[in-house]
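Note sheet for the following structure.
The values are calculated or read from the model by the stated rules, or taken from the named source; none is laboratory data. Computed from a predicted model, the values in this text were never measured in an experiment. Neighbour counts run over all protein chains shown; Cβ positions are idealised from the backbone, glycine included.
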Amino acid sequence: MTEKRDMADSPDSASNQMWGGRFADGPSAIMREINASIPFDKVMWRQDIRASKAHARMLGETGIISAADCNTILGGLDKVAEEYEREGVPEDWDLEDIHMTVEARLTELIGPVAGRLHTARSRNDQVATDFRLWVGDAMSAAQSAITRLQMALVNRAGEHADSIMPGFTHLQTAQPVTLGHHLMAYYEMFRRDASRLSAAMGNLSQCPLGSAALAGTGFPIDREMTAKELGFAHGPTRNSLDAVSDRDFALDYLFFSSQCAIHLSRLAEEMIIWASQPYGFVRMPDSLSTGSSIMPQKKNPDAAELVRGHTGRIIGAATALMVTMKGLPLAYSKDMQDDKPPVFEVAGLLELCLAAMTGMIADCTFNTERMRQAAELGYATATDLADWLVVKADIPFREAHHITGAAVKLAEQRGCALDELPLADLQSIDGRIDERVFTALSVDASVAARASYGGTAPEQVRNQVKRAREELGMD
Ligand code: ARG
């Protein structure tokens, strides 16, 4: 906090220098505090100056302001940018937000000509433009971070296309799969996130600048020019009322982030389970673990747990903005100022979560011996016995399922694996079983048999890895 609230909520005597023309008194301390967005929206200063420069250039080009004034304003904005780069952005609640903070400093530097910059513009289209630029940058950063995570997954999956582990349903051993297959499942999730992000980036790419307060402007502006200069691929927005009150792009970013975080959280959860002693499937990198202050043997998967935890905050932020937006009439309402904290928070959290999971996947040590042993327990090849009965003995699957169930029960009583049951015992359950069955009951045979498209057979996993490497341009 840069200033203290007074005991008494008394109005400040000076009215606001930007919009105070019709006010006798200035805002109270409470009003100044509740109104100020500068504490958080100052992170958009680069976008604000970029958009102002595009607007000034357009005003100059169209003759709405003189070329000389345009140049003075552009030079002044560059000076403000240099200052902020060096010293940071000052926080003065009286200046409310980043837009008025920049303009006030510009006025100090170049004098009254700075007042011409706001011609044919309102803070409503200004903030919509700045925020779109900021969210667009956050989306690009997320795109690269997802690619890095996908590369880590693909590399590890390639190493482990043949490594056998138990596949689970209900977290109960189901059928053997390969570790490479499991990792490539996450690759697919992040591929969908990347494509959701591309769609969001496409929708974001229309420029609201020139919509002014809500109704457009009477000045002969060139909206195509500013849209182009600011890199909005789909030109200017098409309806000024929508443009100043639309925050779909921010919601799209939060929806994407929530979905991506859900995927990260599931991966984190698996790593936490796999790193526990009873599983012992993975050793977390030291660099992403912590110790316990009381139990010297402990190595805790805190980074993974925090990814799981941060996902709750990310989903909460998406919910917050949906609730903010749901009751707003057209066009701008000040509630919309609350669009930024959730987005800024999510950008930081998502970047951290993506980086943490990328490091974890790249640097963890998989205990493939342990995974294979676990796959050999739990009757993971029971389905293979049933399938064998269908194929080799022409038994309907439902009946084969029943026979296999009896075999599992017997093995359980004997405390042995399915392929450790003597042939005579198997034959006592069903006479149609012969010695060829044993070739089907190993975990290797089980995995190799699942060679359907997208299946877990090592050759299929290698195909997935190859295609993914091509998609990512890794070779
Ligand atoms: N700080 C405001 C925001 O973030 C800028 C727009 C203010 N517009 C207005 N008409 N008061 O939403």
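Results, tabulated for the structure shown:
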item	result
Test: residue 221 is more than 21 Å from residue 336 (Cα to Cα), of a type in the set (Val, Ile, Thr) and assigned to a helix (DSSP H, G or I)	no
Any pair with Cβ under 8 angstrom, 6 or more apart, that starts in the range 458-475 at a residue that is at pLDDT 95 or above and surrounded by 14 or more Cβ atoms within 10 Å (Cβ to Cβ) and ends at one that is assigned to a helix (DSSP H, G or I) and among the polar types (S, T, N, Q)	468/150; 472/147; 472/150
Per-region count, the range 224-257, residues surrounded by fewer than 19 Cβ atoms within 10 Å (Cβ to Cβ), in contact with a helix residue (DSSP H, G or I) (Cβ under 7 Å, 6 or more places away or on another chain) and polar (S, T, N, Q)	0
Candidate set from the range 321-366 (those that are surrounded by fewer than 17 Cβ atoms within 10 Å (Cβ to Cβ) and closer than 17 Å to residue 153 by Cβ); member that is farthest from the ligand (Cβ to nearest atom)	365
Matching residues in the range 38-74 - criterion: being of a type in the set (S, T, N, Q), surrounded by fewer than 19 Cβ atoms within 10 Å (Cβ to Cβ) and in contact (Cβ under 8 Å) with a residue 40 or more places away in the chain	62
Number of positions in the range 112-138 that are crowded, with 21+ Cβ neighbours inside 10 Å, closer than 18 Å to residue 345 by Cβ and more than 16 Å from the ligand (Cβ to nearest atom)	0
Any hit, the range 147-166, residues being modelled with pLDDT under 95 and part of a strand (DSSP E or B)	no
Residue match in the range 321-342 (condition: free of Cβ contacts under 8 Å to residues at least 40 places away in the same chain and of a type in the set (Val, Ile, Thr))	yes
Test: residue in the range 94-111 that is away from the ligand (no atom under 16 Å from the Cβ) and farther than 22 Å from residue 16 by Cα	no
Matching residues in the range 409-421 - criterion: being closer than 16 Å to residue 381 by Cα and surrounded by fewer than 15 Cβ atoms within 10 Å (Cβ to Cβ)	409, 412, 415, 416, 420
Selection count, the range 189-223, where residues are crowded, with 21+ Cβ neighbours inside 10 Å and of a type in the set (Ser, Thr, Tyr)	1
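To keep it simple, each residue is scored yes or no on (1) touching a residue at least 40 places away in the same chain (Cβ under 8 Å); (2) over 25 Å from residue 165 (Cα atoms); (3) in a helix (DSSP H, G or I); (4) under 37 Å from the mean Cα position of the chain (by Cα).
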| site | (1), (2), (3), (4) |
| --- | --- |
| 384 | yes, no, yes, no |
| 388 | yes, no, yes, no |
| 398 | no, yes, yes, no |
| 407 | no, no, yes, no |
| 413 | no, no, yes, no |
| 426 | no, yes, yes, no |
| 452 | no, no, no, yes |
